[in-house]
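Structure first, then comments.
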Amino acid sequence: MNTNNQNVDELHAVSDYVQRIEEFARADGQRHRPRVEVAEIPKGYPAQAVLLDGIKRDRRIRIDPTRLVEAGADGHDHSQVLLARAVVSLHPRSPLAIAFVLLAIAAMVTVAVRVILIAPTQATLSLVDVFRQYQSVPYFCMTAIAFSVAAFWVGERSRERRTVSLVGREAVLRWLEQKHPQDWETRQRIKALGGTPRSRRAEQPLLRPRTELSWRTTVACVFVVWVILFLVPTVTAIGDLVESTVEPDDTSTPWAALTTAARLIVSSLLAVLLLVSVRTWRNLTWTQVGIPYQRWAHGKWSKSPLVSRRRFATAYAFLIFFIGSLLAGLVASVVGGIDANQNIAIDNLPVAVIQCIRAGIFEEIGFVAIPAALVLYRTQVDRPTGNKWPIVALVIGSGIARALPHIYYGPGALAWAFTWGSIVMLTFLFTRRILPVISAHIVLDLIVILVHH
């Protein structure tokens, strides 16, 4: 008997949802009534617009009644917002979004044309020459990605405005505010509608058992770390710039190769030791120094929305590192003043691989993780509010600190490395992940080394 009642209730709910969809379609000015399909939707929104069926154009709305009922678990009926979003998604995209899509397609076509034109000459070119021929392709790929993201963003804003016109601003705000966790995009959408995002900081934060540092002491500590890790490389780089000669590390004999490898490994361990010392001194967790993977280490896996967001942040940090390097290269090509013929690649491949691993660990810990830990957690409050200057100081300082040891490429390398370092620090501050940044640096250097060899 209970099963029959449940089936009757579900039929009534489906009938109600179909009626609402028809009302929303008429209010949105759509001439044709959309078809409604009832199906189980395990992922995504429980009401979705279907525009394509394979390669054929389609126009229907798929709903999951069970999940639509569950969408009102917080006491508010969010099904109207979800149904309205699905209805407006059937509407043609805004002209601006269409323009961005066309620009993204144009950029991808440009990439394909360049690859096709260069491909016939590969048989007569060395690997390094082919790499140089293709050097403009990543910029077009990055342009295509940027236009695609812009098209998605503009389309989402247009869809949200039309949803508000159907169900009201308050209903959309309630739906956005109940989402957990509130990521950066959700917070911006709430602000665009005039709402106030949920605070990410405790109203009465607990004071941590650590000594509060003055700004003078904090800057002195960051400077001491820079001197320990980067003073010798900076002095060497300036000397190489003055003499206009850059020599790779000596690996001509087995003993020289072993000595070079040992020096690279010791310098990496020194950077790690300094990070662990700062963490212990400032009483920080591993998450606060950019290594939030303790649950994974203990075998605690889950598929919660929060864990999904954390995995996305890890992938985002890895990807943005490469985009930052491309932007830095673009700045270098505009500014000029870089001697691309300076060769610091080690001929011994095993030692070269060690050099790549060392560069990722040594530089990202020294330029990013340690300064951020010292500046962000100089007080007893973990996340102080209202002061943006520490963020600005970290971004600018990290860019300058990264630029100086790379000056052997020429004066233009200052702009290149500053842009690169600033983007990497911004990425870390946004994601609070240092391991994907280190991994991306290692992968990038390995690609360069493999091309060289």
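The values are calculated or read from the model by the stated rules, or taken from the named source; none is laboratory data. Not measured: the values here are computed from a predicted model. All Cβ positions, glycine included, derive from the backbone under ideal geometry; neighbour counts span all protein chains shown. Each accessible area value is taken on the protein alone, full model and side chains, heavy atoms only, with ligands, DNA and RNA left out. Shrake-Rupley method; radii C 1.70, N 1.55, O 1.52, S 1.80 Å.
Tabulated results
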{"quantity": "Subset of region 332-367 (residues that are in contact with a Ser or Thr (Cβ under 6 Å, 6 or more places away or on another chain) and at pLDDT 80 or above)", "calculated": "Val351, Arg358, Ile361, Phe362, Phe367"}
{"quantity": "Output for region 167-193, where each listed residue is in contact (Cβ under 8 Å) with a residue 24 or more places away in the chain, out of contact with any helix residue (DSSP H, G or I) (no Cβ under 9 Å at 6 or more places or on another chain) and more than 26 Å from Tyr316 (Cβ to Cβ)", "calculated": "Arg169"}
{"quantity": "Residue selected from region 177-210 under the condition under 30 Å from Ser277 (Cβ atoms) and surrounded by fewer than 12 Cβ atoms within 10 Å (Cβ to Cβ), by the criterion modelled with the highest pLDDT", "calculated": "Pro209"}
{"quantity": "Scope region 421-453; condition under 16 Å from the mean Cα position of the chain (by Cα) and among the β-branched types (Val, Ile, Thr); matching residues", "calculated": "Ile423, Val424, Thr427, Thr431, Ile434, Val437, Ile438"}
{"quantity": "Filter pass, Arg174 being loosely packed, with under 12 Cβ neighbours inside 10 Å, assigned to a helix (DSSP H, G or I) and at pLDDT 80 or above", "calculated": "no"}
{"quantity": "Meets criteria (of a type in the set (Gly, Ala, Ser) and at pLDDT 85 or above) for Ala440", "calculated": "yes"}
{"quantity": "Candidate set from region 356-413 (those that are touching an Asp or Glu at 6+ places or on another chain (Cβ under 9 Å) and under 18 Å from Val219 (Cα atoms)); member that is least open to solvent (accessible area, probe 1.4 Å)", "calculated": "Arg402"}
{"quantity": "Any chance Val276 is modelled with pLDDT of 75 or more, over 30 Å from Thr143 (Cα atoms) and under 22 Å from the mean Cα position of the chain (by Cα)", "calculated": "no"}
{"quantity": "Neighbours by Cβ (under 9 Å, 6+ apart or cross-chain): first from region 152-166, within 15 Å of Val101 (Cα to Cα); second of a type in the set (Asp, Glu)", "calculated": "Trp153/Glu185; Glu156/Glu185"}
{"quantity": "Candidates Leu82, Leu90, Leu68 - the one that is in a loop (DSSP other than H, G, I, E, B), buried (at least 16 other Cβ atoms within 10 Å of the Cβ) and at pLDDT 75 or above", "calculated": "Leu90"}
{"quantity": "Search result, residues across region 34-65 that are open to solvent by less than 60 Å² (accessible area, probe 1.4 Å) and at pLDDT below 80", "calculated": "Gly44, Asp58"}
{"quantity": "Every residue from region 439-452 that is of a type outside the set (Gly, Ala, Ser) and either in contact with a Phe, Trp or Tyr (Cβ under 6 Å, 6 or more places away or on another chain) or open to solvent by 20 Å² or more (accessible area, probe 1.4 Å) (or both)", "calculated": "Ile442, Val443, Leu444, Asp445, Leu446, Ile447, Val448, Leu450, Val451, His452"}
{"quantity": "Within region 222-261, considering residues that are open to solvent by less than 30 Å² (accessible area, probe 1.4 Å) and either polar (S, T, N, Q) or at pLDDT 85 or above (or both), the one farthest from the chain's Cα centre (by Cα)", "calculated": "Thr251"}
{"quantity": "Selection count where residues are more than 26 Å from Ile291 (Cβ to Cβ) and not in a helix (DSSP H, G or I), scope region 406-432", "calculated": "2"}
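Yes/no per residue for (1) free of Cβ contacts under 8 Å to residues at least 40 places away in the same chain; (2) among the β-branched types (Val, Ile, Thr):
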site	(1), (2)
Phe367	no, no
Ala373	no, no
Arg378	no, no
Ile400	yes, yes
Ile434	no, yes
Ala440	no, no
